[in-house]
Amino acid sequence: MPTTTARHPARSGLAARVAATDPRALAAELDTLGCAMTPPLLTPAQCRDLIALYDRPELFRSTVDMARHRFGSGNYRYFADPLPDPVRELRAALYPLLLPVARDWAERLGRPAPWPDTLDAWLERCHAAGQDRSSQILLRYGPGDWNALHRDLFGDLVFPLQVVIGLDVPGDDYTGGEFLLVEQRPRAQSRGTTTVLEQGRGLVFTTRDRPVRSTRGWSAGQIRHGVSTVRSGRRHCLGIVFHEA
């Protein structure tokens, strides 16, 4: 009888939770807000296990001090390859869920849709273009920490959606630290959206821009994301990015 292996993420419990997401509802919310929440993807125990990885520096290729680079305050780490199993499996399962949205957005904006049917094939293209470093992120914030509005762009090859998963319990483990999304709408004032990341749930959001209907048809709404100031406690989250750095 077949067993669950790294080559068959669709058979894992993580992939089954991703598959429980309603793709139509997800796409509709992304069209409305530029972000959309998934059902629970990780159990509390899995969240704690991922948080514990932060203190194992051998698992990461680099650590970024946000204050040093004027990105905000706090720290995050880029996982090294090979990725921990939960991170790798989530990334592989989320890619096909989000691929139809990516292709639909490209069509509306009159852009190429260079993303193949599988994540492995897409990563091969990234590596061939010189984007061959892991882009998966584990972030840690303490009291007073925050993340400036930004985009996770590492080269010419970009997947238009990414996912952040909350690993702590808001209100119990920390206060503040809301996820921020700010959209510059064509010929209009910017619009902001705040989201509290519930433990184990993923927030799908726009990497760079998305189609916004205007009087002239579809225009690209420019989007940046960040994190508001953590008021107390410690906040951790996992960032899933589908293009490499």
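Hey, Glu29 hits all of (1) modelled with pLDDT of 95 or more; (2) open to solvent by less than 40 Å² (accessible area, probe 1.4 Å) but one; which does it fall short on?
All conditions pass for Glu29, except number (2).
I'd like the full set of residues that are open to solvent by 20 Å² or more (accessible area, probe 1.4 Å) and more than 15 Å from the chain's Cα centre (by Cα), limited to segment 195-224.
Matches in segment 195-224: Arg213, Ser214, Thr215, Arg216, Gly217, Trp218, Ser219, Ala220, Gln222.
What's the number of the condition Val182 fails, among (1) farther than 13 Å from Leu30 by Cα; (2) open to solvent by less than 20 Å² (accessible area, probe 1.4 Å); (3) over 15 Å from the mean Cα position of the chain (by Cα); (4) not small (Gly, Ala, Ser)?
Here Val182 clears every test but (2).
Only one of Gly221, Gly171, Gly217 is among the small types (Gly, Ala, Ser), farther than 30 Å from Glu89 by Cα and free of Cβ contacts under 8 Å to residues at least 40 places away in the same chain; which?
It is Gly217.
Would you pick out the residues in segment 65-97 that are of a type in the set (A, V, I, L, M, F, W, C) and over 18 Å from Val230 (Cβ atoms)?
Phe79, Ala80, Leu83, Val87, Leu90, Ala92, Ala93, Leu94, Leu97
Among the residues of segment 212-220, is any within 16 Å of Gln162 (Cα to Cα) and in contact with a strand residue (DSSP E or B) (Cβ under 6 Å, 6 or more places away or on another chain)?
No.
If only one of Val196, Val212, Val163 is more than 25 Å from Arg68 (Cβ to Cβ), modelled with pLDDT under 95 and in contact with a Phe, Trp or Tyr (Cβ under 8 Å, 6 or more places away or on another chain), which one is it?
From the options Val196, Val212, Val163, the qualifying one is Val212.
How about segment 1-19: which of its residues are exposed (fewer than 11 other Cβ atoms within 10 Å of the Cβ) and either farther than 15 Å from Arg88 by Cβ or modelled with pLDDT of 95 or more (or both)?
Met1, Pro2, Thr3
Looking only at segment 225-241, filter to residues that are in contact with a Pro (Cβ under 9 Å, 6 or more places away or on another chain), buried (at least 21 other Cβ atoms within 10 Å of the Cβ) and not charged (D, E, K, R); which one of those is nearest to Val18 (Cα to Cα)?
Result: Leu238.
For segment 69-86, which residues satisfy the criterion of being within 18 Å of Asp152 (Cα to Cα) and either touching a Cys at 6+ places or on another chain (Cβ under 7 Å) or surrounded by fewer than 12 Cβ atoms within 10 Å (Cβ to Cβ) (or both)?
The answer is His69, Arg70.
Among the residues of segment 10-30, which ones are without any contact (Cβ under 8 Å) to a residue 12 or more places away in the chain and of a type in the set (D, E, K, R)?
Arg11, Asp22, Arg24, Glu29
How many of the residues in segment 111-132 are among the aliphatic types (A, V, I, L, M) and either modelled with pLDDT under 95 or open to solvent by 80 Å² or more (accessible area, probe 1.4 Å) (or both)?
Result for segment 111-132: 1.
Within segment 162-179, can one find any residue that is among the aromatic types (Phe, Trp, Tyr) and over 24 Å from Gln46 (Cα atoms)?
Scanning segment 162-179, I find no residue that is among the aromatic types (Phe, Trp, Tyr) and over 24 Å from Gln46 (Cα atoms), so the answer is no.
The values are calculated or read from the model by the stated rules, or taken from the named source; none is laboratory data. Remember, it's a predicted structure, so these values are computed and weren't measured experimentally. So basically every Cβ, Gly included, is an ideal-geometry build from the backbone, and we count neighbours across all protein chains shown. The accessibility values were calculated without ligands, DNA or RNA, using every heavy atom of the protein model including side chains. Shrake-Rupley method; radii C 1.70, N 1.55, O 1.52, S 1.80 Å.
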